[in-house]
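The values are calculated or read from the model by the stated rules, or taken from the named source; none is laboratory data. Bear in mind the structure is a predicted one, so any value in this text is a computation, not a measurement. When we count neighbours, we look across all protein chains shown, and the Cβ atoms used for this are built from the backbone with ideal geometry, even at glycine. Accessible surface areas use protein heavy atoms only, side chains included; no ligands, DNA or RNA. Shrake-Rupley method; radii C 1.70, N 1.55, O 1.52, S 1.80 Å.
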Amino acid sequence: DGSNIFSEGTVDLKVDEITLKKPSEKHIRDIPAVLKYAVNYNLESKDIRIDKADLKVREILSSLKGDIKNLKTSPEVNIAVTIPKVKTTEVQKLAALFSDLKGLILSGDIAADIKLNGEIKKTEALKASGIITLDKVGITYNEINAMLDGNVKFDEALMKIDLILHGLKI
């Protein structure tokens with residue numbers, strides 16, 4: 001009808017270099033990523049509907065769907081973020097690019113389903129809810145040796161942790 005712009009496609013991305021200044025200078029290079037997306041932009045209301053935004057960074061996939069309303073004035077989001085089951089070793093490899101994780105050993109799988117709702121400009125109005133699933137996540141660091149299995153459920157009013165701890169030694 002002329003009031004909407006629809007775009008769909010795939011974008012190959014690559015972070016050439018990131019320089020972190022603190023605590024000590026660190027250079028992170030050549031991080032490849034792929035974004036597959038489908039979005040609809042309403043020219044009259046300035047609202048955006050995200051039908052698909054699948055971002056894969058290394059071996060970690062995250063998917064985003066939802067709406068952004070009032071983009072020009074006070075943007076409000078209603079977004080769902082999904083991270084399908086991924087090996088914690090892959091998360092650790094990516095995190096190690098940005099932070100010193102010497103001595104930390106992770107195993108197992110992790111997944112997440114998170115919903116964000118509210119006005120972006122007012123962080124206190126932004127609400128989060130969701131579930132993080134830990135599937136036999138092993139954590140070894142210094143004197144800590146633990147196995148976590150279960151769910152961490154949360155929302156803006158209540159956080160419920162439903163975990164099974166195996167062999168926790170501190």
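Within segment 113-137, the set of residues being at pLDDT below 85 and touching a Ser or Thr at 6+ places or on another chain (Cβ under 7 Å) comprises just one member, LYS121.
Of all residues being open to solvent by 60 Å² or more (accessible area, probe 1.4 Å) and of a type outside the set (D, E, K, R) in segment 71-90, which is nearest to LEU134 (Cα to Cα)? Just the residue, please. In this case the residue turns out to be ASN78.
Within segment 19-44, the set of residues being surrounded by 14 or more Cβ atoms within 10 Å (Cβ to Cβ) and basic (Lys, Arg) comprises LYS26, LYS36.
Name every residue in segment 63-106 that is of a type in the set (Phe, Trp, Tyr) and either in contact with an Asp or Glu (Cβ under 7 Å, 6 or more places away or on another chain) or assigned to a strand (DSSP E or B) (or both), in order of residue number. Once the filter is applied, which keeps residues that are of a type in the set (Phe, Trp, Tyr) and either in contact with an Asp or Glu (Cβ under 7 Å, 6 or more places away or on another chain) or assigned to a strand (DSSP E or B) (or both), segment 63-106 yields nothing. Taking (1) in contact with a strand residue (DSSP E or B) (Cβ under 7 Å, 6 or more places away or on another chain); (2) open to solvent by 40 Å² or more (accessible area, probe 1.4 Å) in turn, LYS121 satisfies each apart from (1).
If you go through segment 28-46 one residue at a time, do you hit one that is more than 26 Å from ILE105 (Cα to Cα), in a loop (DSSP other than H, G, I, E, B) and among the hydroxyl-bearing types (Ser, Thr, Tyr)? Taking every residue of segment 28-46 in turn, at least one turns out to be more than 26 Å from ILE105 (Cα to Cα), in a loop (DSSP other than H, G, I, E, B) and among the hydroxyl-bearing types (Ser, Thr, Tyr). ARG58 meets all of the listed conditions (1) open to solvent by 70 Å² or more (accessible area, probe 1.4 Å); (2) touching a residue at least 24 places away in the same chain (Cβ under 8 Å); (3) out of contact with any helix residue (DSSP H, G or I) (no Cβ under 8 Å at 6 or more places or on another chain); (4) within 28 Å of ILE131 (Cα to Cα) but one, namely (3). ASP47 satisfies every condition listed in (1) open to solvent by 50 Å² or more (accessible area, probe 1.4 Å); (2) at pLDDT below 95; (3) more than 28 Å from THR140 (Cβ to Cβ) except (1).
Among the residues of segment 138-154, some residue qualifies, meaning at least one is closer than 30 Å to SER74 by Cβ, in contact with a Ser or Thr (Cβ under 7 Å, 6 or more places away or on another chain) and free of Cβ contacts under 8 Å to residues at least 40 places away in the same chain.
What number goes with the only condition from (1) surrounded by fewer than 16 Cβ atoms within 10 Å (Cβ to Cβ); (2) in contact (Cβ under 8 Å) with a residue 24 or more places away in the chain that ASP16 does not pass? If we test ASP16 against (1) surrounded by fewer than 16 Cβ atoms within 10 Å (Cβ to Cβ); (2) in contact (Cβ under 8 Å) with a residue 24 or more places away in the chain, just (2) comes out false. The condition of being over 28 Å from VAL137 (Cβ atoms) and in contact with an Asp or Glu (Cβ under 8 Å, 6 or more places away or on another chain) does not hold for ASP109.
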